[in-house]
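Any read-out appearing in this document is the output of simple, stated calculations on the displayed coordinates, not a laboratory observation. Predicted, not measured: the structure shown is a model, and the values here were computed from it. Positions of Cβ are backbone-derived with ideal geometry, glycine not excepted, and every protein chain shown enters the neighbour counts.
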């Protein structure tokens with residue numbers, strides 16, 4: 001069976017997850033898969049860009065590197081990046097056939113979309129020197145957590161996916177941080193996260209402790225060349241701290257073309273797209289774009305606190321244009337409109353882009369995907 005058809009038969013989302021399945025299946029096949037050195041990324045936001053900064057630099061330095069990220073925006077291949085390129089359809093299909101040969105039929109059927117995709121990436125990355133492995137929505141129970149890691153990078157932790165991870169920062173942080181095996185570097189966090197980190201009995205480093213004055217100068221040079229806003233600069237800093245921990249020398253030129261699409265990406269003179277979908281992301285966007293006004297092309301999943309997100313973004317909103325997203329998890333138009341009325345934000349349905357207006361597409365990977373498909377057409 002073709003990989004595309006196989007994955008389409010698996011649901012993308014689950015109300016409940018069997019957390020015993022991934023460890024059990026990995027245990028049954030781990031002797032058949034070569035596992036390179038893994039750098040694991042956990043946290044709420046910034047995993048994708050931090051991972052891409054690190055993977056790109058390692059590759060430019062001379063290593064064979066795989067970067068596993070999720071979800072994708074337009075094409076599944078975006079999830080599996082190897083040595084500077086998204087994986088090809090041919091390599092994906094061959095890896096799928098290999099995986100089918102080593103899994104039992106029952107396990108192949110039972111594995112979730114994300115679990116199967118994770119194993120697929122590991123098959124493709126077997127000959128790499130390093131794998132930069134991004135967790136999905138969790139920590140200790142995430143599909144990516146079963147593999148041995150040499151280092152964990154902890155990006156900023158905030159409220160998100162509460163149904164699976166917990167209802168407050170302490171619960172969410174505990175669940176995520178339990179994925180750390182030995183060594184971890186923490187991006188800037190709130191005090192509650194650091195308090196939990198102290199109880200783990202692991203080798204814990206704060207990002208600033210691994211950066212020299214020379215590193216800070218290089219970060220400014222790279223940031224200027226890549227036009228990085230402050231939050232992306234922080235993600236770059238975390239990736240450089242990882243290189244220092246690994247005792248790998250780098251040059252500023254090793255980060256050329258290292259930005260990941262969909263993070264305050266300017267796709268034309270008057271359109272910016274960002275896949276942010278929670279309050280922390282909204283605060284970062286507000287900080288980066290403060291002083292300007294945008295028509296926000298927006299929609300939200302029902303389980304997101306979109307009222308708070310829109311309240312945060314309000315200083316840069318001239319109006320909202322609600323884009324249609326074909327997903328059962330999307331909030332109803334009626335409920336969205338009620339919230340916008342309460343916030344006193346003007347709104348309409350998205351129809352077209354006007355050249356004289358400035359736009360920010362924001363809300364999730366699904367919102368950006370829906371917009372790009374319509375915009376490119």
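Packing here is the average count of other Cβ atoms within 10 Å per residue, and on that basis the peptides 60-71, 18-29, highest first, run 60-71, 18-29.
Express in nm, to one decimal, how much length is gained between residue 256 and residue 270 on full extension, taking 0.36 nm for each residue of separation and deducting their alpha carbon distance.
On the way: separation 14, 0.36 × 14 = 5.04 nm, distance 2.44 nm.
Result: 2.6 nm gained on full extension.
Checking (i) 61, 52, 43; (ii) 60, 47, 40; (iii) 58, 53, 40 against Cα extents along the principal axes in Å calculated from these atoms, the matching label is (iii). Summary of packing: across the peptides 222-228, 195-201, the per-residue average of other C-beta atoms within 10 Å ranks them, highest first, as 222-228, 195-201. Look at the alpha carbon pairs under 8 Å that are at least 6 residues apart: their mean separation over the length of the range 315-377 gives a relative contact order of 42 percent. Once C-alpha pairs closer than 8 Å and six or more residues apart are averaged by separation and normalised to the residue number of the range 1-114, the relative contact order reads 30 percent.
In the chain, helical runs assigned H by DSSP with n ≥ 4 each contribute -39500 (n - 2.57); averaged across all residues and rounded to the nearest 500, the mean residue ellipticity at 222 nm is -12000 deg cm²/dmol.
Once you order the gyration tensor axes a ≥ b ≥ c over the Cα atoms, which shape class does the range 233-377 get: rounded for a/c under 1.5, otherwise prolate or oblate by comparing a/b with b/c? It comes out prolate by the Cα gyration axes. Roughly speaking, what is the centre-to-centre gap between the range 74-101 and the range 192-237 when only Cα atoms are used, to the nearest Å? Here the two parts' Cα centres lie 31 Å apart. Modelled spin labels at residue 75 and residue 150, positioned 7 Å past Cα toward Cβ, are 3.1 nm from each other. In nm, to one decimal, how far is the modelled label at residue 192 from the one at residue 318, with both set 7 Å along Cα→Cβ? Rounded to a tenth, the inter-label distance reads 3.8 nm.
Rounded to the nearest 5, what is the percent of antiparallel bridges among the DSSP beta bridges in the chain?
20 percent
For 57, 318, 366, the sequence from fewest to most other C-beta atoms within 10 Å is 318, 366, 57. Normalised by the number of residues in the chain, the average gap of Cα pairs under 8 Å and 6 or more apart makes the relative contact order 17 percent. Here the spin labels are modelled as points 7 Å beyond Cα on the Cα-Cβ line, and at residue 20 and residue 328 they lie 2.7 nm apart. Taking other C-beta atoms within 10 angstrom as a stand-in for reagent exposure, 123, 17 fall in the order 17, 123, fewest first.
Note on residue 102/residue 286: beta-carbon distance plugged into 1/(1 + (r/R0)^6) with R0 of 45 Å gives a FRET efficiency of 0.40.
Applying a 10 Å radius around every beta-carbon, put 329-338, 149-158 in order of their mean neighbour count, most first. List each step's numbers first, then the result.
Working: 329-338: 14.2, 149-158: 24.1.
Ranked from most to least packed, the peptides come out as 149-158, 329-338.
I need the calculated FRET efficiency for the pair residue 90 and residue 1, taking r as the beta carbon distance and R₀ as 22 Å, to the nearest 0.05. Rounded to the nearest 0.05, the efficiency is 0.90.
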